[in-house]
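The values are calculated or read from the model by the stated rules, or taken from the named source; none is laboratory data. As the structure is a prediction and not an experimental result, all values here were calculated from the model. Note: ideal-geometry Cβ built from the backbone for every residue, glycine included; neighbour counts use all protein chains shown.
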Amino acid sequence: MKHHATLAAALVAFLSLPALSAVATGQETRASATAKLDKEFAASDANKDGFLSPAEVQARMGKMKMGGGKTLDPVHAKRVAALFLARADTNKDGKVSKAESDALMGAVFNAYDTNHDGKVDGTEAARARAAAKGATTGQATPQR
Ligand SMILES: [Ca+2]
Ligand SMILES: [Ca+2]
């Protein structure tokens, strides 16, 4: 199992799959990705305590629109949520703070910004989408 690719892809699926889809021919910068993350975090933090609980992440995953306007089924939503929690919750308190979320987004952004110019362009975004799709269908796409 390709843990790194799967977990990174889970984060991309959580944060920016719709965003990346929208910019298929454009570019995502670190600033624009961060802005989307801020919105996504706020939208996911249902009880507004500043942390994402497993239940909040799972609920958000379950509502997320995937390709073709379909939403994730509960089994996959739970799986992707668990992957996200496992990767993002670095202090292991069972919830994801904004700082933890930001740190993981930065790492994932760097992973997809393969030419390290501070932007994820159309090609890089397409790769990220393919990996995210793999994570949500259970078929992780190898990354290099
Ligand atoms: Ca919360
Ligand atoms: Ca935590």
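For this structure, a couple of remarks:
Residue-by-condition table, conditions (1) within 11 Å of the chain's Cα centre (by Cα); (2) part of a helix (DSSP H, G or I); (3) modelled with pLDDT of 80 or more:
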{"residue": "Glu100", "(1), (2), (3)": "no, yes, yes"}
{"residue": "Asn110", "(1), (2), (3)": "no, yes, yes"}
{"residue": "Thr123", "(1), (2), (3)": "no, yes, yes"}
{"residue": "Arg127", "(1), (2), (3)": "no, yes, no"}
{"residue": "Ala131", "(1), (2), (3)": "yes, yes, no"}
{"residue": "Gly134", "(1), (2), (3)": "no, yes, no"}
{"residue": "Thr141", "(1), (2), (3)": "no, no, no"}
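- In segment 30-47, the residues that are aromatic (Phe, Trp, Tyr) reach residues that are part of a helix (DSSP H, G or I) with C-beta atoms within less than 9 angstrom, at least six apart or across chains, in these pairs: Phe41/Leu15; Phe41/Lys98; Phe41/Ser101; Phe41/Asp102.
- Filter result for Arg129 (among the charged types (D, E, K, R) and within 21 Å of Glu28 (Cβ to Cβ)): yes
- Residue count for segment 70-95 satisfying the condition of being more than 16 Å from ligand 1 (Cβ to nearest atom) and either aliphatic (A, V, I, L, M) or within 21 Å of Phe109 (Cβ to Cβ) (or both): 9.
- Residues located in segment 53-93, provided they are on the phi > 0 side of the Ramachandran plot and either in contact with a helix residue (DSSP H, G or I) (Cβ under 7 Å, 6 or more places away or on another chain) or more than 10 Å from ligand 2 (Cβ to nearest atom) (or both): Gly68, Gly69
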